[in-house]
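The values are calculated or read from the model by the stated rules, or taken from the named source; none is laboratory data. None of these values were measured; they are calculated from a predicted model. Here Cβ is always computed from backbone atoms with ideal geometry, including for glycine, and neighbour counts include all displayed protein chains. Side chains are part of the model used for accessible areas, which takes the heavy atoms of the whole protein and leaves out ligands, DNA and RNA. Shrake-Rupley method; radii C 1.70, N 1.55, O 1.52, S 1.80 Å.
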Amino acid sequence: MALAAYFDGSWDGNKWDVSPSVTLAGIASDDDLWSSFDGQWRAILKGDGSRPSARYMHMKEATHLEGEFTWRKGWNRTKVNTLIGDLLAFFKKLGKEQYMQFVCSVDMEAHRKLIAEGCELPSPASLCNDYCPSCVLY
């Protein structure tokens, strides 16, 4: 059984080290799920006539009406919310035993405080990068 995992990181602002938090999330499953998942996910992104199509889903862009989800491409908050709802409904239909979700968030204020107190900690990115892939393997 082949296993595939997809990761997405998020932060607030241009420099991750001055953000309130750093987050890395992912989802993992075997090839059987991904082969059907990918086609259905793309079909939802393609649009349903009441909203534009999107090449991909990135929540930061969608919620801020940026990048793929600008008003120039026909998007507004209602259409974005409809897309998010459609994608969530699709996730609800998947059997929970077929995939695993995981997330790692580092509170940057707490991390900076511990460093200032003399604790030796990996960088927030390293913490997330070490944790999330290990979830897939265990």
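Laid out as a table, the results:
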{"read-out": "Qualifying residues in the stretch 93-111 (those that are closer than 25 Å to Q40 by Cβ and under 16 Å from the mean Cα position of the chain (by Cα)) - the one surrounded by the fewest Cβ atoms within 10 Å (Cβ to Cβ)", "value": "Q101"}
{"read-out": "Test: residue in the stretch 44-51 that is among the hydrophobic types (A, V, I, L, M, F, W, C) and under 22 Å from A5 (Cβ atoms)", "value": "yes"}
{"read-out": "Lone unmet requirement of (1) modelled with pLDDT of 85 or more; (2) open to solvent by less than 40 Å² (accessible area, probe 1.4 Å) for G39", "value": "(2)"}
{"read-out": "Tally, over the stretch 1-32, of residues that are at pLDDT 70 or above and closer than 18 Å to A110 by Cβ", "value": "6"}
{"read-out": "Where A54 falls short, out of the listed (1) assigned to a helix (DSSP H, G or I); (2) open to solvent by less than 60 Å² (accessible area, probe 1.4 Å)", "value": "(1)"}
{"read-out": "Residue within the stretch 69-90 that is acidic (D, E), open to solvent by 70 Å² or more (accessible area, probe 1.4 Å) and within 30 Å of G39 (Cα to Cα) present", "value": "no"}
